[in-house]
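Chemist: Dropping a structure here in structure tokens format, bear with me for questions.
The values are calculated or read from the model by the stated rules, or taken from the named source; none is laboratory data. The structure presented is a predicted model; accordingly, all values stated were derived computationally and were not measured. Methodologically, a virtual Cβ is constructed for each residue, glycine included, from the backbone with ideal geometry; neighbour enumeration extends over all protein chains shown.
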Amino acid sequence: MTKRFLLAIIILLGTLSSKSQVKIQFSRLTDENFIESSLLSELKFTELQLEKTGMIAPDMELKYEDNNYFILDNRFTQCVYRFDEEGALQNTICEKIFGDTINKMVLKNPVKFSVNPFLKQVEIYNFESSNVQRFSYDGNYRDKIKFTINPSDFIRDKDGNYFIYTGWNNKESQFRLLQTDYNGNVTDRKMRLVSKCTPTEGMSFYNAQNGICMWELLGNSTYMIKKGNVTESFNFDFGTKSLLPNYHELEASESYQ
């Protein structure tokens with residue numbers, strides 16, 4: 001899990017560089033000896049102190065903010081576990097259940113989450129209700145809002161606005177990036193794309209000191225979002241593995257292959 005987190009940070013930190021393009025070489029498949037980049041000077045492993053075996057799995061979503069590790073369990077509890085930098089479990093953050101608790105227990109659609117370091121909050125999105133529930137870092141429930149579209153990923157900026165990434169070929173919107181106000185009301189639509197490719201979603205955002213970093217799964221470019229403006233910060237050259245210009249003209253089955 002630490003490896004996945006570090007690799008994600010390496011990619012996103014690259015957007016802060018003065019270069020405009022990075023060339024990626026595929027000389028061999030990545031294995032355990034993956035530290036081959038000049039971007040890494042050292043590697044530190046943090047052992048998580050778990051309450052029980054099986055509590056954390058390698059494919060769980062992890063975010064790092066304010067010297068805390070936030071890990072989402074989408075398999076069983078749909079809770080967010082908060083660990084400090086030493087790996088000690090601080091608390092768990094779970095959705096507040098409204099209405100019929102019996103029906104709630106059989107709903108297994110995955111949830112999404114985001115960490116807001118400006119208000120020190122963890123926000124959990126539920127596909128069943130389209131609600132975003134907001135909690136303090138210590139797990140206290142604050143309030144909830146509703147999104148009008150299902151996000152592939154979402155994040156907030158310093159002004160409290162949300163940015164929602166919709167993914168490739170989202171049937172609800174031709175725009176991949178939506179901006180909303182504090183209450184989730186759409187105020188702007190950006191990055192329009194008409195595509196026939198297979199629908200694709202993935203984690204896309206990371207908070208940086210000077211803005212929000214954004215990358216699209218299968219995309220060749222990274223972007224920086226500042227004051228609502230989106231600018232390309234990097235274009236990755238993956239050689240023969242780069243996304244083809246006609247990718248979005250392909251039918252879903254062809255693009256999937």
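Chemist: For residue 29, work out the one condition from (1) among the hydrophobic types (A, V, I, L, M, F, W, C); (2) modelled with pLDDT of 55 or more; (3) more than 16 Å from the chain's Cα centre (by Cα) it doesn't fulfil.
Modeler: (2)
Chemist: Taking residue 197 as meeting all but one of (1) loosely packed, with under 15 Cβ neighbours inside 10 Å; (2) in a loop (DSSP other than H, G, I, E, B); (3) at pLDDT 90 or above, write down the number of the exception.
Modeler: For residue 197, the exception is condition (1).
Chemist: Further question: Answer yes or no as to whether residue 149 is of a type in the set (A, V, I, L, M), outside any strand (DSSP E or B) and either in contact with an Asp or Glu (Cβ under 8 Å, 6 or more places away or on another chain) or crowded, with 20+ Cβ neighbours inside 10 Å (or both).
Modeler: Details: of a type in the set (A, V, I, L, M): yes; outside any strand (DSSP E or B): yes; either in contact with an Asp or Glu (Cβ under 8 Å, 6 or more places away or on another chain) or crowded, with 20+ Cβ neighbours inside 10 Å (or both): yes.
It is true that residue 149 is of a type in the set (A, V, I, L, M), outside any strand (DSSP E or B) and either in contact with an Asp or Glu (Cβ under 8 Å, 6 or more places away or on another chain) or crowded, with 20+ Cβ neighbours inside 10 Å (or both).
Chemist: Kindly provide the set of residues from segment 214-248 that are under 22 Å from residue 189 (Cα atoms) and either among the acidic types (Asp, Glu) or part of a loop (DSSP other than H, G, I, E, B) (or both), ordered by number.
Modeler: 216, 217, 218, 219, 220, 227, 228, 232
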